[in-house]
Amino acid sequence: MDIQQIKYFLALAQELHFWKTAGKMNITQSALSRHIQSLERELDVPLFDRDKRNVKLTPAGMFLKDKWENEINKLDFLHQTAREIQLGKSGTVKIAYPDSISASILPDIVQTIIGAFPRLKIELVQLYENQQQYLLNYKVDLVLTRDITSNKEVSTKKIQTEQLSIVVPEKHAYKQFSDLSAATLRLQKFILIPDGNDSSYNQLIEQVFASYNIVPDIYLHCEFGSTILALVKRGLGISILPNSYQKHEVPGIRFIQLPFETDLFLNWRTEDANPVIINVLKLI
């Protein structure tokens, strides 16, 4: 018994006519008869009552018709899904991203992927530590990050550059870039993301402070930029964040652009041959 024999049976069960079914299935009438007889012998069950004029299902045939129709539909769906996965049109892609792009470039990326592959499942994950390990351990498939990688097992491509900004409450004395000075910056309380010795983004923040020759008063660390925005709005301190946080449209705060740029990188496993990942990479 094979799937094709079951399909011949289901077609005959629908038409109840050997000649019409043979034409529909593009085989000869004698070949169709042989397939049905072979199926009946293997099952040791008559599936059709036949005479010179009529063909009708036996009770066992009616039972199998209902059951096999459901199973064949499921198999066809599974086979089609497998083909789509192989073509990179279906499956799942897990993307890790920083909070800073959640209201700017990320929605554009997701919309582009969904537009091209509507059956593709997307999982979005925010990671702030061990991003490369998650990637190499297949816990995520793509990592959008502001940190530079030198790992040969990870391929990387810069996809965006933007400026950093000083973020202050709306009523703060800083109104424009020229208001910033070493003397006044030393008096500020800063809310920043946690330090990371291997973080190129944190090294960039250090360059900002070094340009003013100050050691900042960092009294609060927070991993989530959206939370930092809320704290700044409450007047609990000021911060330095990528300018894309303006897309969060939080009222009561001001962004003052700095002459420092931060890059956004797309990282993926160098040897990953998954067609889903390859297709998504082409889109991004």
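Here are the numbers:
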item: GNM result for the chain, Cα springs below 10 Å: residue of ARG234, ARG34, ARG254 fluctuating most strongly; result: ARG34
item: Long-range HN-HN contacts of LYS189 with modeled amide H, under 5 Å; result: ILE238
item: GNM flexibility winner over the chain from ASP179, ASP44, ASP141 (Cα, springs under 10 Å); result: ASP44
item: About the Cα centre, charge dipole magnitude for segment 3-86 (Lys/Arg +1, Asp/Glu -1 at Cβ), debye; result: 320 debye
item: Ranking of ARG186, ARG146 by count of other Cβ atoms within 10 Å, fewest first; result: ARG186, ARG146
item: Cross-link partners of LYS139 among aspartates and glutamates (Cα-Cα below 12 Å; sequence separation of 8 or more within a chain); result: GLU123
item: Alpha-carbon centroids, segment 3-26 and segment 116-132: separation in whole Å; result: 45 Å
item: Distance between segment 84-115 and segment 241-284 - C-alpha centres, whole angstrom; result: 12 Å
item: With eigenvalues of the C-alpha gyration tensor scaled by 5 and rooted, segment 97-146, Å; result: 20, 15, 7
item: Which listed pairs, of LYS67/LYS121; LYS24/LYS74; LYS158/LYS189, have C-alpha distances above 24 Å, in listed order; result: LYS67/LYS121; LYS158/LYS189
item: Reach of LYS157 by Cα under 19 Å, taken over lysines that are not fewer than 8 positions away in the same chain; result: LYS94, LYS282
item: Choice from LYS24, LYS247, LYS89 with maximal GNM fluctuation in the chain (Cα, 10 Å cutoff); result: LYS24
item: Among ILE6, ASN70, LEU16 the positive-end extreme of the charge dipole of segment 3-86 (Cβ point charges); result: LEU16
item: Quarter of Cα convex hull surface for the chain, i.e. mean projection, nm²; result: 21.6 nm²
item: Within straight-line cross-link reach of LYS171, aspartates and glutamates at Cα separation under 18 Å, skipping those fewer than 8 residues along the same chain; result: ASP179, GLU249
item: Which of ILE205, ILE114 has the fewest Cβ neighbours within 10 Å, and the rest in rising order; result: ILE114, ILE205
item: Nitroxide proxy distance, nm - points 7 Å out along Cα→Cβ at ALA230 and GLU129; result: 2.2 nm
item: Shape call, segment 161-261: gyration tensor on alpha carbons, a/c limit 1.5; result: rounded
item: Contact order relative to length of the chain, as percent, for alpha carbon pairs under 8 angstrom and 6 or more apart; result: 23 percent
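FYI, it's all coordinate maths here, none of it is from the lab. Please read these numbers as outputs of a predicted model, since none were measured by experiment. Backbone-built Cβ (ideal geometry, glycine too); neighbour counts: all protein chains shown.
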